[in-house]
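Reading through the structure tokens given below for one structure.
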Amino acid sequence: MKRIAILGSTGSIGTQALEVIQANPEHFHVEVLTAYSNADLLIQQARIFKPNAIAICDTAKLEMLKDALAGEDVKVYGGQESIVQLMSMDSIDLVLTAMVGFAGLEPTLEAIRNKKNIALANKETLVVAGDLVTKLAMENKVSIYPVDSEHSAIFQCLAGEMHNPIEKIILTASGGPFRGKKEGNWKKSPNQKR
Amino acid sequence: MEKITKSEALKHPNWTMGAKITIDSSTLMNKGLEMIEAKWLFDLQPSEIEVIVHPQSIIHSIVQFRDGSMKAQMGLPDMKLPIQYAMGYPHRLPSDFPRFDFMNFPQLSFEAADEETFRCLGLARMAMEKGGNLPCIMNAANEVAVAAFLRDEVGFLQMAEIIEETMQRVSFIKSPSLDDYRSGDAEARSISAELIRKAAIKI
């Protein structure tokens, strides 16, 4: 049984991770859920998955969260700092970092300092400070499992290849909705004309 | 392309994702961020990381070894699969996710990425090669630019301009500390917000 903290549980990755957990109750237990500001969904999730603790970044929503969950056996916190602090809970085995952007950096670092393995869906953490994050993970013997489909693919291809150097990797891109479009008459923005 | 609206940019052909990553996918910044992510995850040199466009999103990525052999991982585009693999590792847990059928995809195609049109990809490669605090600065400017695009304050092509200009303005640090990253992020955010404010007045 892995006890999981999901940072960003109300987002796209977070909600899909909860579906996976719901389908595999014998393997996973939800220990912590955190969200940026979607209090309504976080309340629903707390009632269904009965985590030990939840936190919301947007402190304006904290009272509403506490009122709604007054009858439940769950600790409720507010603010980015509380999310960072929750990462030292002994009862967490794996932290799924599924929040958006730079905000993922501090809680991820704190989770690694506390020797929690990371399922990394917040790529910005590595983009911003990949050197510090990977060094800290090495020092704390923490594994970082990629969640991005491309990196998961590479990670899966590397199974059994530990001693074989990589010549190169090829990341596939869908090209997005504007694949094949051309810039055409590029318009300089005002700030570039100065 | 400058007339592209957010509702068009939010329609990804294959994947259902959050708003920020969907816009990043439409500018190819997402692939740029992924190159940098891959560099750190797999301890690679920038020259060992390539990007190829594969519109069907069936092959999720490829590794080539020193004997020339390539391994690719494939499947239908469904984020639940990599989420489950990361959470269940090292075990593959059973799933009832839809299975891939070759007969539904008789042709898988590949083409070069257009870095000239999608300038964010080139900016990310430059940031990856130069290293230091440049990827951090680029990321901050991108977050601000995407948020502004989602608020209809800047056009589609302006996002790359804002990011590039911000990357030029914040001072470069070769070996940043955590505090350097924090202050680089903050400085880049205020510069790109300023650029957006000026751009918005002229629209």
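The values are calculated or read from the model by the stated rules, or taken from the named source; none is laboratory data. This one's a predicted model, so the numbers in the text were calculated from it and none came from an experiment. Backbone-built Cβ (ideal geometry, glycine too); neighbour counts: all protein chains shown. These area figures cover heavy atoms from the full protein model, side chains too; ligands, DNA and RNA do not enter into them. Shrake-Rupley method; radii C 1.70, N 1.55, O 1.52, S 1.80 Å.
Of all residues in region B:4-47, those that are farther than 18 Å from B:Val146 by Cα, without any contact (Cβ under 8 Å) to a residue 12 or more places away in the chain and of a type outside the set (D, E, K, R) total 7.
Would you point out the residue of region B:4-31, among those that are charged (D, E, K, R) and more than 8 Å from chain A (Cβ to nearest Cβ), that is most open to solvent (accessible area, probe 1.4 Å)? The residue in question is B:Lys6. Of all residues in region A:90-122, those being open to solvent by less than 10 Å² (accessible area, probe 1.4 Å), within 8 Å of chain B (Cβ to nearest Cβ) and part of a loop (DSSP other than H, G, I, E, B) number 0. Here region A:138-164 is the region considered, the condition is being within 16 Å of the chain's Cα centre (by Cα) and among the aliphatic types (A, V, I, L, M), and the residue that is nearest to A:Ile92 (Cα to Cα) is A:Val142. Could you list all residues from region B:32-66 that are facing chain A (nearest Cβ under 7 Å), touching a Leu at 6+ places or on another chain (Cβ under 6 Å) and within 15 Å of B:Asp114 (Cβ to Cβ)? The answer is B:Val51, and nothing else. In the set (1) under 16 Å from A:Gly8 (Cβ atoms); (2) surrounded by fewer than 20 Cβ atoms within 10 Å (Cβ to Cβ), A:Lys66 fails one condition alone, (1). Of the numbered conditions (1) aromatic (Phe, Trp, Tyr); (2) closer than 15 Å to A:Ile83 by Cα; (3) within 10 Å of another protein chain (Cβ to nearest Cβ), A:Tyr36 fails exactly one; give the number of that condition. Going through the list (1) aromatic (Phe, Trp, Tyr); (2) closer than 15 Å to A:Ile83 by Cα; (3) within 10 Å of another protein chain (Cβ to nearest Cβ), A:Tyr36 breaks only (3). Out of region B:156-172, which residues are β-branched (Val, Ile, Thr) and open to solvent by 50 Å² or more (accessible area, probe 1.4 Å)? Across region B:156-172, there are no qualifying residues.
To keep it simple, each residue is scored yes or no on (1) in contact with a helix residue (DSSP H, G or I) (Cβ under 6 Å, 6 or more places away or on another chain); (2) open to solvent by 70 Å² or more (accessible area, probe 1.4 Å).
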| site | (1), (2) |
| --- | --- |
| B:Lys80 | yes, no |
| B:Glu129 | yes, yes |
| B:Asn139 | yes, no |
| B:Val144 | yes, no |
| B:Glu153 | yes, no |
| B:Lys174 | no, yes |
| B:Asp179 | no, yes |
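Here B:Met1 qualifies as among the aliphatic types (A, V, I, L, M), in the same structural domain as B:Arg125 (by TED's automatic domain parsing), surrounded by 16 or more Cβ atoms within 10 Å (Cβ to Cβ) and touching a residue at least 40 places away in the same chain (Cβ under 8 Å). Of all residues in region B:1-34, exactly one satisfies the criterion of being of a type in the set (Asp, Glu) and assigned to a loop (DSSP other than H, G, I, E, B), namely B:Glu2. Any residue at all in region A:48-65 that's more than 19 Å from the chain's Cα centre (by Cα) and under 27 Å from A:Asp148 (Cβ atoms)? There is at least one residue in region A:48-65 that is more than 19 Å from the chain's Cα centre (by Cα) and under 27 Å from A:Asp148 (Cβ atoms). Taking the numbered list (1) open to solvent by 10 Å² or more (accessible area, probe 1.4 Å); (2) at the interface with chain A (Cβ under 8 Å from one of its Cβ atoms) in turn, B:Arg99 passes all entries but (2).
Within region A:13-40, the residues that satisfy the criterion of being in a helix (DSSP H, G or I) and open to solvent by less than 40 Å² (accessible area, probe 1.4 Å) are A:Ile13, A:Gly14, A:Gln16, A:Ala17, A:Leu18, A:Val20, A:Ile21, A:Ala39. Scanning region A:41-62 for residues that are open to solvent by 40 Å² or more (accessible area, probe 1.4 Å) and either closer than 17 Å to A:His29 by Cα or touching a Cys at 6+ places or on another chain (Cβ under 9 Å) (or both) gives A:Gln44, A:Arg47, A:Ile48, A:Lys50, A:Asn52.
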